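Participant: Following this message is one structure expressed as structure tokens.
The values are calculated or read from the model by the stated rules, or taken from the named source; none is laboratory data. Small disclaimer: the values here were computed from a predicted structure and weren't measured. Glycine gets a Cβ as well: all are built from the backbone with ideal geometry, and neighbour counts include every protein chain shown. The area values use the complete protein model at the heavy-atom level, side chains included, leaving out ligands, DNA and RNA. Shrake-Rupley method; radii C 1.70, N 1.55, O 1.52, S 1.80 Å.
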Amino acid sequence: MWFRNLQLYRLIEKFEYSPESLHTALSERVFKPCAGLDNYSMGWVSPAGRETTQLAHGCNGRMMVCLRREDRILPATVVREHVEEKAEAIALAESRPVGRKEKQQLKEEVIVDLLPRAFTRSTHMFAYIDPVERWVVVDAGTAKKAEELLSALRETLGSLRLKPLAVNNAPASVLTGWLENALPAGFELGDECELKEPVDQGGVMRGRRMDLASAEVKSHLDAGMQVSKLAIEWQERIGCILCDDLGIRRLRFLDLVMQEAADVDAEDAVARIDADFALMGMELARFIPAVVEAYGGLDED
């Protein structure tokens, strides 16, 4: 349940739902497995696992939701083999070649035949809504992936007005300044970065497990490259990669936080999730504003 990536959004309007009313709304689009010839199916499931049926898990004013997506797995190689077998059978039986158009028709028939019997694979995407601080936080590596959950939430609720995080200073310039000069209070450099030339199709330098204060890194900065990704730690509690698209990736809650989580005596799996969500939400409620402030504050325009 601990989030691994963050895509951040600001609520434009007041979020009127309580956990109970949000559960009721999400129940209109509860997850159902793929049926018939569906390639995939999406719907809401309990973020606290199968032990509960609540589709919105509330804790300390925050509400967590979970979107499940089920995809049918039908490899192209399998379809192609079946099409070739059918085409060869027709060619032998009728002593004629099978053209491209006819093969396309055979492909459609093969898909109709195989799709209901195909294996399925499920993925779960989590997000939480903080109505008081006006954040929607999605556990996704990219904005495109996060939009899948947000689109489903808009369709389910009828409306959800929000905007991606925007800050006053260009993230690449801020992160570059951290490497060239110093980091804000509470932040420390990690051992990984990505540098890019600020031109289309420019060069890229990636470094892992290296001293970011080294002469090698400085030489790239002196040549005009800018930081696009930077590993940092914050107050010995959170580690992550800050990105110039304002995404936060490879989020890690460090030993101090995980020890606090382990010290909580949870009676069952639901209580464990509740305790972890409470602690994660509290940590991110401090960390996210610290990152925003380091970028020069929110751009409310």
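Participant: Considering (1) over 30 Å from residue 280 (Cβ atoms); (2) touching a residue at least 24 places away in the same chain (Cβ under 8 Å); (3) among the charged types (D, E, K, R), say which one residue 96 fails and leave the rest.
Facilitator: (2)
Participant: Considering region 98-148 alone, what residues qualify as being among the aliphatic types (A, V, I, L, M), part of a helix (DSSP H, G or I) and at pLDDT 95 or above?
Facilitator: 143, 146, listed by residue number.
Participant: Are any residues in region 39-60 in contact (Cβ under 8 Å) with a residue 60 or more places away in the chain and open to solvent by 50 Å² or more (accessible area, probe 1.4 Å), and if so, which ones?
Facilitator: 39, 51, 60
Participant: Inside region 228-285, can you point out the residues that are without any contact (Cβ under 8 Å) to a residue 60 or more places away in the chain, in a helix (DSSP H, G or I) and open to solvent by less than 60 Å² (accessible area, probe 1.4 Å)?
Facilitator: Answer for region 228-285, where residues must be without any contact (Cβ under 8 Å) to a residue 60 or more places away in the chain, in a helix (DSSP H, G or I) and open to solvent by less than 60 Å² (accessible area, probe 1.4 Å): 257, 261, 271, 275, 279, 283.
Participant: Within region 196-227, can you find the residues that are open to solvent by 70 Å² or more (accessible area, probe 1.4 Å) and either part of a loop (DSSP other than H, G, I, E, B) or in contact (Cβ under 8 Å) with a residue 60 or more places away in the chain (or both)?
Facilitator: Those that are open to solvent by 70 Å² or more (accessible area, probe 1.4 Å) and either part of a loop (DSSP other than H, G, I, E, B) or in contact (Cβ under 8 Å) with a residue 60 or more places away in the chain (or both): 197, 198, 199, 200, 201, 209, 211, 213, 223.
Participant: Look through region 286-301, keep the residues that are of a type in the set (D, E, K, R) and more than 21 Å from the chain's Cα centre (by Cα), and return whichever of them is least open to solvent (accessible area, probe 1.4 Å).
Facilitator: Among those that are of a type in the set (D, E, K, R) and more than 21 Å from the chain's Cα centre (by Cα), it is 299.
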